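The values are calculated or read from the model by the stated rules, or taken from the named source; none is laboratory data. Keep in mind that this is a model prediction, so the values were computed, not measured. As a convention, Cβ positions derive from the backbone with ideal geometry for all residues, glycine included, and neighbour counts pool all protein chains shown. Keep in mind that these areas ignore ligands, DNA and RNA; they rest on the heavy atoms of the full protein, side chains included. Shrake-Rupley method; radii C 1.70, N 1.55, O 1.52, S 1.80 Å.
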Amino acid sequence: MENFNAGKANKTLFINTLAFTICFAVWLLNGVLVTFLVDNQVFDWSAVEIGWLIGIPVLTGAIFRLPAGILTDKFGGKPVYTTLLAVCAIPMFLLSYVDSFWGYALCSLGFGLSGTSFAIGIAFSSIWFPKHKQGTALGIFGAGNAGAAITTMVGPKLLVFLTDGKTNLEGWRLMPQIYAAVLVIMAIAFFLLTENKKPASSSKTIGGLLEPLKSVRVWRFGLYYFLVFGCFVAFAGWLVPYYTNVYGVTLATAGILASCFSLPSGIIRAFGGWLSDKYGARRVMYWVLGSSVFLSALLIIPKMDIYTSGKGVIAKESGTITEVTPQFIVINKTKYALETKGDDLRTSEGSFHIFPIKESWQTAIVAVGDVVNKKQLIAEGKTHIYFQANMWIFAIIAIIIGSIWGIGKAAVYKHIPDYFPQEVGVVGGMVGVLGGLGGFICPILFGYLLRSTGVWSSCWILMFFLSALCLFWMHQVVRKMIKVEAPNLSRGFEEKGNIHSNPDNFKNRPHGKLCLETIT
């Protein structure tokens, strides 16, 4: 990159990240505010209406990421980001005056555009940094996802304060006004403190800017982001009812556990950017997707309490039953011992179990005086299997997979400036669209899976197959690349020796860098 100015670049990155954090907090406001309004009977909205009000901002923020990215590539990040912040402040302020579902929905449609800030910020951040620093920079920017935790943790307390401990419920209307004021202040600061910069592609026509979308690679990146971002957003909300229904915890406890899933995932994204710069985005994605497959498979197993048939007792000879007790059966003079049922599982719920536990016993199905034949079943076996799916183990695994997805979010966006350096806004916008749609679509799919299976852990089945699909597709692409580049790789060995001892020389060969990145 020509004329790299670390001071200006870092300053722009800081302001971009701050603006994105605020926008993300605004984007997910309805999850807290709508719940408060319904729980306190300010509005009598149905569950369907609540779902739409929570989903509308997510949907609009996702759909308009592509045009936001195009505008950023065309005009630069400063005017586009400043305009977005100012425009979103208007419907946010008007939200304080609504008295109906449709008024609230319309305002949500407006301030939901704050979700497009990601596409703008990605394009405007990457252009300030050289290629070898872009992964770290974009990872730091993406940590603004933590804005969701700001609304989740601060929002409820702010509402209680504004409503005087819920004694003046109309005080909720001050909350949108506060958020609108913050957006305006951020817009002014962004305009005054940033310098505009556009990529070389800014002179292209709209058709030229959209040209990269013909590449299958863009849609593959979009599928990755559907998983690591879309599913992250989906579970940030889905885990609350998951905890309350599966483990019977209070709503407050479920909210805290759900925050433990979302907060680390946002913060660790910066670390994911650093890993992508140091080891390569492809290698990081292999680790992310492989881990996602494994951990999703672990979480598929539901909490269960199963009774099934076990090992029975077979008569070794023909004869007459002479004695039957809970401990044994006697045929002629032959005694058959029976396993008896204990009390081990009666207290299992209150104890800690990592793995499934079982208990087996046998019950006589014959009576004294019965005549039995050889190999006839005289006592049936019963087995009781109990899997606790311990809440704390589940929570830890959920936090780990959320953090892994956070690293994956940075790795996906590290790919974009590598392959599309002049169209980061357009490509990043399209990938963001697909990721945002994941946050809207996945909860709907989770609901259908729950209804069809009756099992809450069925949502992890979707995660398993989606992770496996991403991993398979990526591996097939890598294999194809290796096959295409094999002749160059062979010549590299012959002429330069082992590439690991001479990596710099090999990188200078045509396609050499691509080969080296692929195999390392």
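What about PRO421, is it more than 14 Å from the chain's Cα centre (by Cα) and either closer than 25 Å to PHE64 by Cβ or part of a helix (DSSP H, G or I) (or both)? Taking the combined requirement at face value, the residue satisfies it. State which residue pairs qualify: first residue over 21 Å from GLY115 (Cα atoms) and inside region 42-59, second residue in a helix (DSSP H, G or I) and open to solvent by 40 Å² or more (accessible area, probe 1.4 Å) in any location, beta carbons under 6 Å apart, and separation of 6 or more residues or different chains. What qualifies is VAL42/LEU169. Taken together, VAL80, VAL26, VAL32, VAL42 contain a single residue that is buried (at least 23 other Cβ atoms within 10 Å of the Cβ), touching a helix residue (DSSP H, G or I) at 6+ places or on another chain (Cβ under 6 Å), of a type in the set (Val, Ile, Thr) and more than 18 Å from VAL433 (Cβ to Cβ), which is VAL26. Would a scan of region 225-233 turn up a residue that is at pLDDT 80 or above, surrounded by 16 or more Cβ atoms within 10 Å (Cβ to Cβ) and within 21 Å of HIS132 (Cα to Cα)? No: region 225-233 contains no residue that is at pLDDT 80 or above, surrounded by 16 or more Cβ atoms within 10 Å (Cβ to Cβ) and within 21 Å of HIS132 (Cα to Cα). Return yes or no: is THR21 in contact (Cβ under 8 Å) with a residue 40 or more places away in the chain and either within 22 Å of the chain's Cα centre (by Cα) or outside any loop (DSSP other than H, G, I, E, B) (or both)? Taking the combined requirement at face value, the residue satisfies it. Scanning region 24-49 for residues that are assigned to a helix (DSSP H, G or I), within 14 Å of LEU109 (Cα to Cα) and among the aliphatic types (A, V, I, L, M) turns up just one, VAL26.
Looking at region 274-316 only, could you name the residues that are under 24 Å from the mean Cα position of the chain (by Cα) and over 30 Å from ILE140 (Cβ atoms)? Hits for region 274-316 are ALA297, LEU298, ILE300, ILE301, PRO302, LYS303.
Taking SER360, is it on the phi < 0 side of the Ramachandran plot and in a helix (DSSP H, G or I)? So SER360 fails the test. Within region 171-186, which residues are closer than 10 Å to SER96 by Cβ and out of contact with any helix residue (DSSP H, G or I) (no Cβ under 7 Å at 6 or more places or on another chain)? Scanning region 171-186 gives a single hit, ILE178. Annotation note: Cβ proximity below 8 Å between a residue of region 359-373 that is of a type in the set (Asp, Glu) and a residue that is assigned to a loop (DSSP other than H, G, I, E, B) (sequence gap 6+ or interchain) occurs for GLU359/LYS341; GLU359/GLY342. Can you confirm whether THR136 is open to solvent by less than 20 Å² (accessible area, probe 1.4 Å), in a helix (DSSP H, G or I), closer than 29 Å to ARG269 by Cβ and of a type in the set (Ser, Thr, Tyr)? It is false that THR136 is open to solvent by less than 20 Å² (accessible area, probe 1.4 Å), in a helix (DSSP H, G or I), closer than 29 Å to ARG269 by Cβ and of a type in the set (Ser, Thr, Tyr).
Confirm whether LEU471 is open to solvent by 40 Å² or more (accessible area, probe 1.4 Å), assigned to a helix (DSSP H, G or I), closer than 22 Å to LEU59 by Cβ and touching a helix residue (DSSP H, G or I) at 6+ places or on another chain (Cβ under 7 Å). So LEU471 does not fit the description; no.
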